[in-house]
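Just below is one structure, and these are the notes that go with it.
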Amino acid sequence: MRLRCLAIVAAGLLASGATISLIQSLVAGQAMRRIEAALAALPHAHAASVRLDPWSGRIAIADLSVEQGASRLHVGKVTLDAVLAPSTLIPPALARTGSAEAEDVEVEIGPAKIRLPRIEAYGTSLTDSDLAAVIDPRSAMSALERLDKVAAASIIIPRLTIDFAANDIAGREEYRNIAIIDVGAGKLGAFAVASGSLNVSARGLRAPIEGTMGALVAKDLDLKLWARIASGVREDVGEPPKALLEELAFDGLWIRSGDQFELSVGQTTARRIRGRPLLMALAQLREAEPTPEFLSDLLNTPAIGSAEVRDFALKGPDKTSLISFARFSLAGLANSKLREAELESFSVEFPDGRFKLASVAVHGVNFAPVLGLMTDVPPRAGGTEARDRIPTIDQIVVANLDAEVPAFPWGNAGGGTRGEFRLGRFEFMGSNYLHGIPGAIAATLDDLAFPVEPNNRNTSLLAALGYSKVELSAKLEARWNEPADETSLGQMSVKSAGMGAAMLKGRLGEVGKEAFAVDPQSAVLRALLKEIDIRIDNTGLFEKIIALDAKRTNRSPDQKRGEYISAVAIAVPQLIGNVPVANAIVDAAAQFIAQPGSLRMTAKSIEGIRIEDLQAADRRGAALGELDVTVAANE
């Protein structure tokens with residue numbers, strides 16, 4: 001009984017195997033005949049043989065070649081599952097688990113020849129008829145439709161080379177261990193290249209260009225959208241940018257040509273890249289000038305979540321440094337706006353000088369006003385249109401700048417006077433822009449230093465005063481209060497080591513939008529001065545002025561002080577009239593001249609005084625009489 005059961009089971013297994021083999025052979029035979037028919041239908045297509053392995057159910061195509069114009073495709077061997085052919089005998093789940101391999105693939109496109117020793121595709125549902133339609137040059141399918149047909153769970157290319165030769169240039173590119181994951185509907189789930197290399201020779205080059213490339217990994221690429229951008233136009237003007245690339249990581253590259261130049265780029269990353277076809281095809285730019293509408297669309301289309309490049313360096317002959325930076329990044333580029341961009345350790349060096357920068361950061365850039373420059377309507381002369389087209393910036397921060405250049409026209413590259421300066425920090429913040437002018441501004445300049453050159457007409461006086469360098473800092477804070485029609489000057493100050501400092505604060509009333517319009521100077525003159533605070537601190541400059549003037553006029557410093565005091569006593573009443581405040585100003589100025597420490601004047605008015613009244617000689621005295629003025633020296 002037991003032997004009979006075993007015999008029945010064995011017979012059943014054999015029968016099942018035979019049945020499956022029979023079905024597999026029938027399907028494989030049908031697939032082979034369809035492939036042969038497809039090849040026969042393709043112009044300039046040829047295969048040495050199409051063979052079927054009845055046991056594995058796989059079809060092998062030998063020496064497949066397809067030609068179209070100057071392009072040629074040759075594949076030494078293609079092996080694919082017969083189940084990839086459509087058949088009612090094959091369940092859909094099984095049809096999606098097919099695989100295919102190709103060996104010795106060569107593609108010639110113009111002067112370039114692409115070689116793939118082997119390519120493997122897994123989990124592909126591409127049928128033989130789909131393949132024929134994709135590669136058929138007579139097919140009515142567009143490039144986008146062809147991309148739609150290609151589908152696979154993964155495609156593996158161990159090695160790919162591109163050889164090219166044209167116009168005295170010849171070379172080879174090689175990429176290794178390429179993996180493409182989740183291919184379908186014109187999209188890639190992931191694309192990776194382990195490494196790459198380059199070697200190019202050209203007439204006129206002393207040495208070939210050679211280079212290497214690190215690993216590259218890209219995720220979620222939309223090839224159909226890339227193709228639309230490259231070759232198509234946008235029919236829907238309001239079509240929003242869509243996802244092109246979700247993430248990119250590149251380990252960098254290195255390129256050199258003997259001792260002539262060397263370029264290296266470190267790790268590069270990008271995230272959330274968006275785009276859309278433009279309103280004008282890129283190919284049209286070869287024959288037509290870009291229209292203002294095209295330029296506006298070009299500026300308003302791209303979107304980048306974030307991008308970063310590290311360790312960039314370009315070196316010239318004998319590895320002399322030209323340009324380098326440690327890091328460049330940007331984030332939030334969309335709708336003609338940039339959230340932030342940063343550059344760190346930037347350096348430019350050349351035989352005649354250098355420019356080094358520890359860092360610069362820009363935040364809140366709005367390029368939208370620039371779109372107005374791309375119209376055919378020029379700005380009206382004397383109007384605000386030109387300022388309305390200036391980009392606005394929320395913040396700029398510059399840290400540790402160091403530069404040296406030939407001081408033309410006073411110096412020269414061959415050892416003449418050098419123009420040198422360094423800057424510790426510069427920061428600008430602007431907001432509430434109106435006609436290109438910020439309604440609120442804060443700016444700081446710290447530790448700007450430069451040498452004083454006697455032969456430079458801009459610094460010769462400082463040299464005569466005995467200064468060998470200038471070190472200064474400055475600050476500006478101002479805000480316009482639109483509801484109150486008032487502008488407050490928090491401070492405008494400047495100070496310099498070994499010289500002194502000056503500071504101005506104030507508050508103006510009746511400052512409306514006119515101050516930002518065509519003639520801001522007239523609007524300011526009509527404003528009311530409500531408060532002003534002026535302070536001067538001397539730390540050496542005034543004594544040097546006295547000493548130089550005394551030397552040039554053969555007088556003693558004390559004699560010059562007396563002359564200055566007398567001059568002030570005459571000039572102030574002439575300038576503002578014989579009003580009580582004139583005597584206070586003269587007394588304080590005399591104290592400062594005699595012992596130069598500090599000089600401060602404050603003036604306040606609850607109602608405010610018209611600035612144009614202070615400017616007019618016949619109304620100045622009366623206007624000053626309405627101010628509460630305090631003047632003091634050496635406090």
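Structure values in brief
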| quantity | calculated |
| --- | --- |
| Qualifying residues in the range 575-601 (those that are of a type in the set (V, I, T) and closer than 23 Å to L541 by Cβ) - the one surrounded by the fewest Cβ atoms within 10 Å (Cβ to Cβ) | V586 |
| Subset of the range 610-635 that is without any contact (Cβ under 8 Å) to a residue 24 or more places away in the chain and within 52 Å of the chain's Cα centre (by Cα) - its residue that is surrounded by the fewest Cβ atoms within 10 Å (Cβ to Cβ) | A616 |
| Candidates A270, A249, A218, A288 - the one that is modelled with pLDDT under 95 and either within 30 Å of D168 (Cα to Cα) or among the hydrophobic types (A, V, I, L, M, F, W, C) (or both) | A288 |
| Sole exception among (1) without any contact (Cβ under 8 Å) to a residue 40 or more places away in the chain; (2) under 17 Å from E612 (Cβ atoms) for G509, by number | (1) |
| Subset of the range 448-471 (residues that are of a type in the set (K, R) and modelled with pLDDT of 90 or more) | K469 |
| Whichever residue in the range 510-528 is acidic (D, E) and in a loop (DSSP other than H, G, I, E, B) and, among such residues, is farthest from the chain's Cα centre (by Cα) | E510 |
| Residue count for the range 213-258, restricted to those that are in a loop (DSSP other than H, G, I, E, B) and either acidic (D, E) or over 25 Å from F328 (Cα atoms) (or both) | 11 |
| Condition met for A588 (within 27 Å of G498 (Cβ to Cβ) and either aromatic (F, W, Y) or assigned to a helix (DSSP H, G or I) (or both)) | yes |
| Test: residue in the range 206-215 that is farther than 28 Å from A227 by Cα, hydrophobic (A, V, I, L, M, F, W, C) and either surrounded by 16 or more Cβ atoms within 10 Å (Cβ to Cβ) or more than 26 Å from the chain's Cα centre (by Cα) (or both) | yes |
| Leading residue by the ranking (farthest from F312 (Cα to Cα)) among those in the range 335-351 that are surrounded by 17 or more Cβ atoms within 10 Å (Cβ to Cβ), in contact (Cβ under 8 Å) with a residue 24 or more places away in the chain and of a type in the set (A, V, I, L, M, F, W, C) | L338 |
| One residue from E120, E103 being in a strand (DSSP E or B), touching a Gly at 6+ places or on another chain (Cβ under 7 Å) and at pLDDT 60 or above | E103 |
| Tally of residues being modelled with pLDDT under 80 and under 17 Å from K337 (Cβ atoms) across the range 350-369 | 0 |
| Only listed residue being among the β-branched types (V, I, T) and surrounded by fewer than 16 Cβ atoms within 10 Å (Cβ to Cβ), chosen from V237, V193 | V237 |
| Residues satisfying the stated conditions in the range 164-175, i.e. surrounded by fewer than 16 Cβ atoms within 10 Å (Cβ to Cβ) and either touching a residue at least 12 places away in the same chain (Cβ under 8 Å) or outside any loop (DSSP other than H, G, I, E, B) (or both) | A165, A166, D168, I169 |
| Scan of the range 248-260 for residues that are surrounded by 17 or more Cβ atoms within 10 Å (Cβ to Cβ) and over 16 Å from S197 (Cβ atoms), ordered by number | L248 |
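The values are calculated or read from the model by the stated rules, or taken from the named source; none is laboratory data. None of these values were measured; they are calculated from a predicted model. No Cβ is skipped: glycine too gets one built from the backbone with ideal geometry, and neighbour counts run over all protein chains shown.
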